[in-house]
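Inspection log for the structure reproduced underneath, given as structure tokens.
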Amino acid sequence: MLKALPEKYYLTHFHELQGFIAKTSFHLLTPPQQALFAELGSLDEECLCLLLRIINRKRVYVTRAQLNYAEIKDTDAALNELRSKGLVQSAHDKDADVLLGELTKEQLQLIASELIASGKVSPTTPAKSAKKALWSEFVYAQCANVALADTAVFRAHLSAPVKADFEYWLFLFFGKLGGTLQQFSLRDLGVMQTRQGVSSGNAHFSELAEAQSAYFYVSQNKHLNNLSLDDKVLLAKQIYQEQVPAAEGLMAQTKRDDLTHKLACQLDQEEPALATVMLKVSNHPKAQEKYIRALYTAGDYDTCLAQLEEVLACPQNEELLIFAEDFSALKFTTKRTSVLTDILRQSGPPIALDEAYVGYPEQGAIAWYHRQGNKAYHGENQFWRMLFVLVFWPALYESTTGAPSNEFDLTPRSLKYNQFYEVHSDHIEQILGKITDNQSLFDWLLRQASAHFGKPNRLVFWHRSTLDLLLVVARLISVTALKTHLVAMCKDYKMLKDGYPDLICIDDSDVSFVEIKAPGDSLRRNQLVTIRRLIESGFKVDIQQVCWQIAPQQAYVVIDVETTGGKKEFDRITEIAMVRIVDGKVVKRWQSLINPLRRIPKYITELTGISNEMVADAPLFSDVAQQVEDFMQDAIFVAHNVNFDMGFIKAEFARIDQVFQKPKLCTVQLGRKWLPGMKSYALNKICAELGITLTQHHRAMADAEATAQLFILINQVRLENQE
């Protein structure tokens with residue numbers, strides 16, 4: 001049950017925001033904002049409550065009828081006081097576009113009727129049934145001739161001009177746009193996790209100019225997609241002509257580069273020359289790449305080569321460096337294939353996986369490695385991020401250097417701006433100095449996990465399976481190589497937080513990493529960057545391609561379930577049978593009745609022969625779940641109408657808080673594809689037509705055995721066509 005919030009919870013939250021600004025960020029307000037801040041602090045409680053209610057509404061404008069709150073005893077008196085101070089005002093013509101966007105079609109029609117009745121505008125209006133947008137355009141067009149503020153609808157709508165200042169204060173608190181007082185409520189209700197116990201500390205910005213500059217560029221980025229083409233052109237020209245605030249500080253610089261890159265992309269078709277200017281002034285890596293490509297396309301080879309040489313001499317990041325190396329080789333030498341293509345071509349022969357693994361090639365590769373006698377685990381980015389967070393938790397979240405601004409600050413500031421090693425180098429080296437061998441690595445990870453696993457942060461999702469894998473790998477991995485790579489992550493976390501190989505493979509005591517590529521997959525540039533760094537650190541990394549073929553040693557488990565009915569959400573399993581097939585032969589069988597913990601309907605008993613008496617002493621599904629999982633190890637799930645059987649199995653596992661996910665094949669679909677022309681693909685009828693024995697139809701093992709023989713026959717046809 002959710003906690004209840006006190007009557008004036010929002011007032012408490014405002015005081016919390018107010019305290020943060022006063023303690024850490026008052027110097028980041030302009031003189032008028034400081035005066036406004038002081039004025040709000042001196043308002044009586046009723047006025048402040050009403051003002052906060054208005055500000056906290058999603059829409060800019062409200063009406064008096066929307067301002068009735070139980071905790072505010074005299075709304076009219078408070079509203080008059082706020083009006084007298086200019087903190088609340090009626091709608092003005094200069095904000096007509098905002099209000100018209102919030103009004104209903106009926107309200108727009110009322111404005112038009114009032115203007116027509118006054119004789120100030122033409123009586124020619126859109127049809128009454130016309131869409132709201134047409135009515136809004138009509139009313140807005142009257143602004144040039146009449147004062148919309150004089151209409152009853154405009155007079156009835158109120159706004160708080162301080163809303164913009166309030167949004168800036170929230171920006172100073174959260175260090176980003178979009179923060180609201182509602183987040184304080186979600187925290188109090190226990191819905192939003194925060195770093196409880198962290199008191200307000202440092203401001204997000206040092207100087208007023210830095211904060212205002214960051215706010216400008218963050219705001220421009222947020223609203224860019226809503227601008228008209230003319231407004232985008234105007235903004236681009238203002239940036240080029242330096243008629244906008246200078247980008248002061250890391251956030252402003254980053255957001256300015258984002259803005260100029262986005263403008264370049266959005267102006268590319270209508271204003272290509274201006275788009276090119278935006279690319280030229282942007283330091284965004286993708287903008288630099290796009291600019292170099294544009295120069296080459298335009299035939300300006302000398303400038304293009306000069307830009308490439310500039311990047312090669314001082315690359316902004318490794319992805320851009322790889323592009324520059326590759327592009328230079330492809331365009332200015334005789335090389336004809338990219339480095340990404342070359343790496344894939346050099347990766348050796350592909351391994352064969354059944355088409356059931358389409359969409360899940362990593363799972364198929366893990367099963368393939370297991371058949372070779374090796375251990376393989378899905379690691380990818382989450383493994384490395386959890387490793388990084390646990391190893392460096394004291395520097396990330398407990399250091400007084402770069403302390404969080406408040407409990408909502410879940411990402412360390414030094415990581416946001418890729419300065420983690422620069423800010424915390426001594427602490428980082430101190431931590432790594434304690435890790436001298438596999439045992440000390442294991443002990444450190446276990447100690448940190450015991451203290452911090454599950455704590456709120458924005459760097460890693462906590463999964464016990466990933467932690468278990470970390471502790472296994474910690475006992476075997478090369479500590480020297482690991483420490484080298486961890487330092488690389490500290491120095492460039494922004495680049496090395498992702499792109500990691502899919503699998504972690506363990507052969508005896510040897511740990512290696514494998515990136516799996518299915519047909520049609522390409523190696524992304526960020527993956528190449530990370531793989532290069534892993535190799536430079538001393539790790540073995542392979543690129544393993546796969547092809548969709550039947551592998552003789554691939555295991556298949558044919559499953560059939562009987563149930564109390566046809567709806568997995570309500571009905572339960574009464575019997576399970578499984579038949580394991582390897583290399584075209586049945587190698588193992590398993591079956592069990594299951595107590596469904598509910599009555600079996602009479603018509604189901606008549607269909608299956610399974611009665612309530614038969615399942616009364618049978619095990620619960622939870623009693624056999626592990627046996628089902630073990631029997632399915634590294635196998636492909638096969639059934640006739642597979643979604644029915646898979647759906648019930650998944651639902652039963654979900655009831656015991658476990659996830660059941662396997663690649664699957666359906667003998668109905670396969671039969672239609674590989675055995676065309678059958679009179680029917682219902683199990684009993686196709687078995688009869690093919691001469692497959694099926695006795696006791698609708699008992700699990702009988703159906704599973706028949707389906708297994710059907711699947712073996714289908715696989716023979718698949719193999720013949722494969723060859």
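The values are calculated or read from the model by the stated rules, or taken from the named source; none is laboratory data. Here the structure is a predicted model, which is why all the values come from computation and not from measurement. When we count neighbours, we look across all protein chains shown, and the Cβ atoms used for this are built from the backbone with ideal geometry, even at glycine.
Things worth noting here:
- Search result, residues across the range 178-197 that are outside any helix (DSSP H, G or I), within 27 Å of the chain's Cα centre (by Cα) and surrounded by fewer than 16 Cβ atoms within 10 Å (Cβ to Cβ): GLY178, GLY190, VAL191, MET192, GLN193, ARG195, GLN196
- Within the range 582-632, helices (runs of 4 or more DSSP H) holding 1 or more residues that are aromatic (Phe, Trp, Tyr) and assigned by TED's automatic domain parsing to the domain that holds LEU710: 602-608, 621-631
- Pairs where the first residue, in the range 475-503, is among the acidic types (Asp, Glu) and the second is crowded, with 17+ Cβ neighbours inside 10 Å, C-beta under 6 Å, 6+ apart: ASP502/GLU362; ASP502/GLU380; ASP502/GLU515; ASP502/ILE516
- Some residue of the range 78-101 being in contact with a Lys or Arg (Cβ under 6 Å, 6 or more places away or on another chain) and without any contact (Cβ under 8 Å) to a residue 40 or more places away in the chain: no
- Being farther than 30 Å from CYS143 by Cα, at pLDDT 95 or above and surrounded by 14 or more Cβ atoms within 10 Å (Cβ to Cβ) is a property that LEU5 lacks.
- So GLU705, is it touching a Phe, Trp or Tyr at 6+ places or on another chain (Cβ under 8 Å) and either surrounded by 14 or more Cβ atoms within 10 Å (Cβ to Cβ) or not aliphatic (A, V, I, L, M) (or both): no
- Considered as a group, the residues in the range 31-68 that are assigned to a loop (DSSP other than H, G, I, E, B) and exposed (fewer than 11 other Cβ atoms within 10 Å of the Cβ) include one that is farthest from the chain's Cα centre (by Cα), and that residue is ASP44.
- Taking each residue of the range 211-234 that is within 20 Å of ALA247 (Cα to Cα) and looking for partners that are among the polar types (S, T, N, Q) with beta-carbon atoms closer than 8 Å, six or more apart or interchain, yields ALA211/SER25; GLN212/THR30; LEU224/GLN266; LYS232/GLN266.
- Wholly within the range 298-372, helices (runs of 4 or more DSSP H) carrying at least 1 residues that are touching a Ser or Thr at 6+ places or on another chain (Cβ under 9 Å): 301-313, 318-332, 339-345
- Those residues of the range 487-535 which are in a helix (DSSP H, G or I), surrounded by fewer than 18 Cβ atoms within 10 Å (Cβ to Cβ) and within 23 Å of the chain's Cα centre (by Cα), in sequence order: LYS494
- Filter result for THR436 (part of a loop (DSSP other than H, G, I, E, B), in contact (Cβ under 8 Å) with a residue 40 or more places away in the chain and of a type in the set (Val, Ile, Thr)): yes
- Screening the candidates LEU227, LEU235, LEU250 for the property of being at pLDDT 95 or above and among the hydrophobic types (A, V, I, L, M, F, W, C) yields one hit, LEU235.
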